[in-house]
1. Among L230, L209, W185, whose Cα projects farthest towards the positive end of the dipole of the stretch 152-232, with charges put on the beta-carbon of Lys, Arg (+1) and Asp, Glu (-1)?
2. Give the order of F126, F56 when sorted by the count of other beta carbons within 10 angstrom, beginning with the fewest.
3. How much length would be gained if the chain were fully extended between T74 and I220, taking 0.36 nm per residue of separation minus their Cα-Cα distance, in nm to one decimal?
4. Give, in nm to one decimal, the length gained when the segment between A20 and R208 is fully stretched (0.36 nm per residue of separation minus the Cα-Cα distance).
5. May I ask you to compute the full-extension gain from V8 to D81, defined as 0.36 nm times their residue separation minus their alpha-carbon distance, rounded to one decimal in nm?
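Coordinate-derived values only; no laboratory data. Because the structure is predicted, anything quoted here is derived from the model rather than measured. As a convention, Cβ positions derive from the backbone with ideal geometry for all residues, glycine included, and neighbour counts pool all protein chains shown.
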Amino acid sequence: MAGGGILVSFPTLVFSGATAINATATSKLALLVGGMGSLWSYRREFATQKRWAWRFGPPSLLGGLFGAVLLLYTGEARFRDIVPYLILFAATLFILQPAVSRWLQIEADTIQRSRFGLTFALFFLFCVGLYAGYFGAGIGILMLAALGILGQKNIHEMNSLKVLLGSLMNGMAAVYFGIQGNILWPEALVMAGGALVGGYLGPKLARRLGPAAVRTFVSIVGLGIGLYFLLQ
């Protein structure tokens, strides 16, 4: 419903003895399976997002691949230093999204007609994909914040597009990590089973709670994730 699954899977794998890179790679595969379950559950809401999906899919795929390559050739420590600030910024944007959208008077059809707006959105999604392939904590919050500022208003429709784009990012990263031999397959299969169940049931719970409750939950999770990383 709000992303952040890697914040549970990553430390769990590290505490069990996995390297940071293997923990990240294994989490990508589990998150991919969970995303597929969520996308199926969100298939009704996704019907209104197909145009955005075709536009945002390619940069998401490329970003996820380049981020995975970057992780294997550079260390994690430097990037993790800025992770809490990115997440806290995204969570703050999401909390303020209704007021910001009214102030800027941004509508989705206006953005679609704006060459600059679409260019910025494509570049932003590529950057999110780059981060997703590299580590990925809070990418759901980053995407929800971006979609909100772009004029999206229905939290469930936003979630359906977020799930697809996140799956593309994690999918490309998982394929690359699998080819490079960085996935711990026994752990990945166990986690994937749980992620599939959670991915399918999460959207159903989100619909029962309603948009306001989901928005509040996302904001709290985002701030909590950011503060957790900030205090480490």
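1. Result: L209.
2. The most exposed by this proxy come first: F126, F56.
3. Length gained between T74 and I220: 49.4 nm.
4. Details: separation 188, 0.36 × 188 = 67.68 nm, distance 3.65 nm.
Result for the pair: 64.0 nm of gain on full extension.
5. Full extension of this stretch gives 24.4 nm more.
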